[in-house]
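Nothing in this text is a laboratory measurement; each read-out follows from the coordinates by a stated rule. In this text, all values refer to a predicted model and were calculated from it rather than measured experimentally. Reconstructed Cβ throughout: ideal geometry from the backbone, glycine too, with neighbour counts over all protein chains shown.
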Amino acid sequence: MPRPQWQYPDRRGSAPTTTQTKTTTVKARVFAAMLLAAPLSAQRSPVGPATRSYVRFDTTVLALTNVRVIDGTGAAPRENQTLIIRDGRIAAIGPAPSTAVPAGAQQLDLAGKTVMPGLVMVHEHLYYPVGSGTYANLTESFSRLYLAGGVTSMRTGGNMNGMAEILVAKAIARGEKPGPFIDATAPYLEGPGMGFNQVVPLRDTTDAKQLVAYWADQGATSFKAYMNISRDELRVAAREVHARGLKITGHLCSVTYREAADAGIDDLEHGFFSMNDFVPTKPVDKCIGRGGAATSSMAALDPNSSEVQALFRHLIEKKVAVTSTLTIFETFTPGRPLPRGLDVLLPQLKDEYERRYAGTQRNTQSPYLKAFPNGMAFERAFVKAGGTLIVGTDPTGGGGLVPGFSNQRAVELLVEAGFTPLEAIRIATLNGAQYMGRGALTGSLETGKLADLVVLDGNPAANIADVRTVQWVFRQGVGYDPRALIESVRGKAGLW
């Protein structure tokens, strides 16, 4: 079956014609009028008894007035706007003086605050390291923390606990638990060699085919190849995944980025830190150094060199996205700040990570002192070449990264890498939604889309650190209190 042609953001920069603009405006106004007049339906996210205590706004019609709007498309902020939510969707956005508030609507005066799309993060986990080679299933606490941090949609970047992620995704969709929309990834497609206690290694392409079929039937909506998969196993897995209309990503070592693109992969994890295309001693279908060799190779390369640019062009031609996970590599780099949010962890896990952090600071010979800034430069150069960058955090990798807090940090690091705040916000919202095939529903603030949005007490377009100032998080028009979500798990993340 031919590989699906996934749609990515248009980077050609062409402006719409006057006729197109007028037509779009008329359609938007008509649709807004329909939404404002429509009867109550099932668009608003359901709220069950266990979720109710975290909800602060749950009404049919809500007006956010006098607010600054950052719409997620990369456009400049719009001041003094009114945004109307009706039955879980955005019914209207416009200047406050000329945008009527429907009779009976609940109103929130948000003068001085910003509304932006909820974050769409695409390398997240619902597990955390709690021992050597062992990862605890933290679907309860982590799903709350993601939502509290402003994440309204996420893809898990690998599964260590079988059905847990699939089941919690369904429970959240039913309103039984608080959390973001979850694109639930199946257990890793991995060959022998990693030594994880919770991963069944592939033996051949038959295993790859059967595992894709099994987990797709169980409800997995995404797949991830891992470090010891072979080229043939990846090719068969990608074929089977695409036959089901799904996508496959990879944190690779045994397979190069170019080989993965040729095999049909949709996305590559960890920016270019895992790229081993230029490791001269790499054997075919074999992982060496578990990523260390790849990182050292990348650190020595110029992202603007002809050979790297040729690889970029190949990935772009094959429509392969790349996921930035600068947050995890920051924890490996001396001189970087201690991650935020550690106090929500079990005290033992917090203490363990702080000891690891202290050891990292003493490592004056760390390869990441050079690799970390060069990894940033690679991501910026890939986007400049026309590539699609999406973003996640990978809150595993030795611990330290806490969901929600780390997602905000991921956006900050994109700006440190050289993107403007508005570019970083687009990468963390609309790009991710479009990659997941949900761009028509979420990822930007537009009339007719789901009311998945975050209210901030600041202006991240001027100061990206203001992404931390989350006041309220709305998922399908239901407003959650981030403080209540965080306090419900403080000191206990690591248990459940």
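Of all residues in the range 261-283, which are outside any loop (DSSP other than H, G, I, E, B) and under 21 Å from Arg380 (Cα atoms)?
Ala261, Asp267, Leu268
Quick one: in the range 399-452, which of the residues that are acidic (Asp, Glu) and surrounded by fewer than 24 Cβ atoms within 10 Å (Cβ to Cβ) is nearest to Thr221 (Cα to Cα)?
Across the range 399-452, the extreme among qualifying residues is Glu446.
When residues of the range 249-300 are filtered for being among the β-branched types (Val, Ile, Thr) and more than 21 Å from Val236 (Cα to Cα), how many remain?
4
What residue, among those in the range 113-130 that are in contact with a Lys or Arg (Cβ under 8 Å, 6 or more places away or on another chain) and either of a type in the set (Val, Ile, Thr) or closer than 22 Å to Val478 by Cα (or both), is surrounded by the fewest Cβ atoms within 10 Å (Cβ to Cβ)?
For the range 113-130, the residue satisfying everything is Lys113.
Can you spot a residue in the range 163-173 that is in a strand (DSSP E or B) and not basic (Lys, Arg)?
no
Would you please name the residue that is nearest to Phe378 (Cα to Cα), looking only at residues in the range 291-333 that are crowded, with 18+ Cβ neighbours inside 10 Å and among the polar types (S, T, N, Q)?
Ser324
If I go through the range 453-489 residue by residue, how many of them are in contact with a strand residue (DSSP E or B) (Cβ under 9 Å, 6 or more places away or on another chain), surrounded by fewer than 20 Cβ atoms within 10 Å (Cβ to Cβ) and part of a loop (DSSP other than H, G, I, E, B)?
6
Those residues that are assigned to a helix (DSSP H, G or I), farther than 27 Å from Arg290 by Cβ and of a type in the set (S, T, N, Q), I need them from the range 210-226; list them, please.
Gln218
With respect to Glu307, determine if the residue is in contact (Cβ under 8 Å) with a residue 24 or more places away in the chain and touching a Ser or Thr at 6+ places or on another chain (Cβ under 8 Å).
When the stated conditions are applied, Glu307 does not pass them.
State which residue pairs qualify: first residue in a helix (DSSP H, G or I) and inside the range 340-355, second residue aromatic (Phe, Trp, Tyr) in any location, beta carbons under 7 Å apart, and separation of 6 or more residues or different chains.
From the range 340-355, the pairs are Leu342/Tyr353.
Every residue in the range 188-209 that is within 20 Å of Tyr127 (Cβ to Cβ) and either in a helix (DSSP H, G or I) or not charged (D, E, K, R) (or both), please.
Hits for the range 188-209 are Tyr188, Leu189, Met194, Gly195, Phe196, Asn197, Gln198, Val199, Val200, Pro201.
Inside the range 356-409, can you point out the residues that are in contact with a helix residue (DSSP H, G or I) (Cβ under 8 Å, 6 or more places away or on another chain), among the polar types (S, T, N, Q) and in a helix (DSSP H, G or I)?
The answer is Asn374, Ser406, Asn407, Gln408.
Which numbered condition in (1) assigned to a strand (DSSP E or B); (2) without any contact (Cβ under 8 Å) to a residue 40 or more places away in the chain is the only one that Lys286 fails?
So the condition that Lys286 fails would be (1).
Looking for something part of a strand (DSSP E or B), of a type outside the set (Lys, Arg), in contact with a Lys or Arg (Cβ under 8 Å, 6 or more places away or on another chain) and under 16 Å from His123 (Cα atoms) - is there at least one such residue anywhere in the range 227-234?
No, that holds for no residue.
Check the range 415-425 and report whether any residue there is in a loop (DSSP other than H, G, I, E, B), under 15 Å from the mean Cα position of the chain (by Cα) and not basic (Lys, Arg).
Among the residues of the range 415-425, not one is in a loop (DSSP other than H, G, I, E, B), under 15 Å from the mean Cα position of the chain (by Cα) and not basic (Lys, Arg), which makes the answer no.
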